[in-house]
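First comes the structure, then the notes that go with it.
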Amino acid sequence: MIRLLLILLLMMPSAALAAEPTFEATVMRAEVVSVLLSGDRAIEGTMGSATYQKLSVRVIEGAQKGAIIEVENNTPIVFAPGNVFYLHAVEWETGPMYAVGEPDRRWVLFGLGALFVLVTIVGAGMAGARSLLSLVVSFAILIFGLVPALSSGASPVPTSIFFAVLMLVVAMLITHGLKRPTLVALSGSVAALVVAALIAEAAVTLAKLSGFASDETVYLNLATDGMLNLPALLLGGILIGIVGILNDVSVSQVHTVIEISGANPSLTKREVLARAVRVGQEHLGAVVNTLPLAYAGAALPLILLFYGSDASALFILNREIFAAELIRTFAGGIGLILSGVIATGLAVMFVVRERHRS
């Protein structure tokens, strides 16, 4: 509770604060020098207990660099000497107050990221290197294009569609090059994205989703004085979330058509289409699990929370936090299937050169 209060104080102005705090003045990196006290204590309102610590820490980065501070650790994370974490500080009327924040995870993240890059390049060669470049560019478009546009009050739906299509174009051209199969796959992905957008927009409207399903949307609404259209922002998030999987399916199906036609040039377009559809059905049957399982994995703690509830399953699914994920999953799944079907048909029409049998 104390930690939450301190974080809230950092996020909003208060008459008790001497001046508007800056991030550099209120958030510092600190290293644990020693554990002064450690033990278990009961968690109020529950049958459980948590480890309590009193730490002596040295600030290694921030406004109070070099200072030795004693602070209580009320987080569920147990620290040891040498551990580094983020220390939150607030200047209060009675003096400075400190709270233990998140551990410093930068080296774990950098190390795992480097391993990901290495495995991608070794496993996929130059195609993997190009895909990594397209990933960087896509995130640049997201951070420096979509986010500022939405923050400035642009309409979330057309803005998200525009930037989603831009991400598809950039990702596919960088990864696969400017050639006919790429353009065919891109056409299938864009068509499927537009259909998925229309379906998702209708579902969000009919389901009367408010967009307030998570804590971050509440904070965002407060930070922007309620100027953002949160239901439309939810729809934009759905579209951005399915961009990558549309790319995967459409490109795979186009190249399936090319390989089938190349392996047996005597096949007619109808025969190539029939074989590509059979392959595509197996591919889509496997990939269709991707989105639901990805969302279920992200929401696993929430699922466990409701698992012990005596509420009916229909009531739980009707809650916005679940309904939004279901709409996200169904709309994404529809776009996924349509992407494969449309790309397959377009590839047979515009890539396969039918040779007449003698």
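The values are calculated or read from the model by the stated rules, or taken from the named source; none is laboratory data. Please read these numbers as outputs of a predicted model, since none were measured by experiment. All Cβ positions, glycine included, derive from the backbone under ideal geometry; neighbour counts span all protein chains shown.
Annotations
- Applying the criterion of being among the small types (Gly, Ala, Ser) and under 30 Å from Ile141 (Cα atoms) to the residues of the range 244-264, the residue that is surrounded by the most Cβ atoms within 10 Å (Cβ to Cβ) is Ser250.
- Among residues of the range 24-43, those that are more than 14 Å from Phe85 (Cβ to Cβ) and not acidic (Asp, Glu), counted: 10
- Residue check, Val257 in contact (Cβ under 8 Å) with a residue 24 or more places away in the chain, farther than 23 Å from Ile161 by Cβ and in the same structural domain as Thr182 (by TED's automatic domain parsing): yes
- Near pairs, Cβ below 7 angstrom, 6+ apart or cross-chain, from the range 183-198 (within 10 Å of Leu338 (Cβ to Cβ)) to any residue that is in a helix (DSSP H, G or I) and of a type in the set (Val, Ile, Thr): Gly188/Ile342; Ala191/Ile342; Ala192/Ile342; Leu193/Val165; Ala196/Ile242; Ala196/Ile334
- Failed item in (1) farther than 21 Å from Thr22 by Cα; (2) touching a helix residue (DSSP H, G or I) at 6+ places or on another chain (Cβ under 7 Å), with Val90 passing the rest: (1)
- Taking the range 53-97 as the range and being crowded, with 19+ Cβ neighbours inside 10 Å and in contact (Cβ under 8 Å) with a residue 60 or more places away in the chain as the test, the residues that pass are Leu87, His88, Ala89, Val90.
- Any hit, the range 169-178, residues being of a type outside the set (A, V, I, L, M, F, W, C), more than 21 Å from Gly335 (Cβ to Cβ) and without any contact (Cβ under 8 Å) to a residue 60 or more places away in the chain: yes
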